[in-house]
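**Student:** For reference, the structure I am asking about is given below.
The values are calculated or read from the model by the stated rules, or taken from the named source; none is laboratory data. Computed from a predicted structure; not experimentally measured. Virtual Cβ from ideal backbone geometry, glycine too; neighbours counted across all protein chains shown.
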Amino acid sequence: MTEQVELSIDALKAGNKAEFAKLVNQYSNSVYRIALKILSDPSDAEDVLQETFIKAFRALPGFEGRSSISTWLFRIATNEALMLVRKRKPEFVLVDEPDAPDEEENSGQVQLTDWCCMPEAELMSDESRRHLEEAVQDLTPALRAVFVLRDIEGLSIKETAEALDVSEQVVKTRLLRARLRLREDLSRYFGGKMAERLEK
């Protein structure tokens with residue numbers, strides 16, 4: 001993990017290259033990880049990483065400080081990644097969902113599997129982690145971005161809303177949908193695993 005160092009916003013806005021190098025060093029891993037989780041392609045994630053810092057360097061003189069520098073960077077990175085998703089899969093733009101919070105009312109209808117009897121090794125296996133990553137990729141880009149920023153990168157609801165330029169209520173609604181869909185997917189996955197164990 002990169003050690004957090006204090007950055008001078010004034011020096012960054014003035015185009016100080018040494019200060020910008022510190023910014024890149026401090027946040028490049030997080031930016032790359034966000035891009036990779038959204039795009040699931042290391043080459044595309046590298047492109048997003050490069051483009052994020054190019055755009056950040058050009059835009060820094062106008063940085064107003066209404067959000068933290070990290071949230072501002074993550075907004076650029078997420079926008080770049082989502083633009084790439086739309087370019088690769090334009091159909092996602094047409095089928096993305098409204099943000100009405102209707103799914104909360106139906107959340108009790110999701111069939112969940114009790115995983116209490118699954119061995120911990122199986123719950124934490126490479127195969128299970130791969131399945132979770134695939135399930136995240138099956139989310140729509142809007143849900144995936146919220147899940148990655150909030151649940152994987154650990155941003156707060158407020159920071160996630162700022163990074164995506166949406167309201168906090170939209171973040172909460174999308175996060176609920178993402179979690180429910182992943183939970184349902186994993187319930188089916190582990191339910192199948194338990195059935196296999198019982199058949200042996």
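**Student:** Against the condition more than 16 Å from ILE9 (Cβ to Cβ), at pLDDT below 90 and not basic (Lys, Arg), how does VAL95 come out, does it pass?
**Tutor:** Values: more than 16 Å from ILE9 (Cβ to Cβ): yes; at pLDDT below 90: yes; not basic (Lys, Arg): yes.
Criteria met by VAL95.
**Student:** Please go through segment 138-182 and pick out each residue that is over 11 Å from the mean Cα position of the chain (by Cα), of a type outside the set (A, V, I, L, M, F, W, C) and surrounded by 22 or more Cβ atoms within 10 Å (Cβ to Cβ).
**Tutor:** Listed by number, the residues that qualify are THR173, ARG174, ARG177.
**Student:** For residues in segment 179-200 being under 15 Å from GLN137 (Cα atoms) and in contact with a Leu (Cβ under 8 Å, 6 or more places away or on another chain), which is modelled with the lowest pLDDT?
**Tutor:** First, pick out the residues of segment 179-200 that are under 15 Å from GLN137 (Cα atoms): 179-186.
With in contact with a Leu (Cβ under 8 Å, 6 or more places away or on another chain) added as a condition, the list becomes 181-184, 186.
Working: ARG181: 90, LEU182: 88, ARG183: 87, GLU184: 87, LEU186: 81.
So the residue we want is LEU186.
**Student:** Still on this model: Determine which single condition ALA135 fails, assuming it passes every other condition in (1) assigned to a helix (DSSP H, G or I); (2) without any contact (Cβ under 8 Å) to a residue 60 or more places away in the chain; (3) out of contact with any Leu (no Cβ under 6 Å at 6 or more places or on another chain).
**Tutor:** Only one criterion is unmet by ALA135, namely (3).
**Student:** Another question, if that's okay. Among the residues of segment 25-46, which ones are surrounded by fewer than 16 Cβ atoms within 10 Å (Cβ to Cβ) and touching a residue at least 12 places away in the same chain (Cβ under 8 Å)?
**Tutor:** Within segment 25-46, ASN25, ASN29, SER40, GLU46 qualify.
**Student:** Among (1) in contact with a helix residue (DSSP H, G or I) (Cβ under 8 Å, 6 or more places away or on another chain); (2) farther than 25 Å from ALA14 by Cα, which single condition is PHE57 missing?
**Tutor:** (2)
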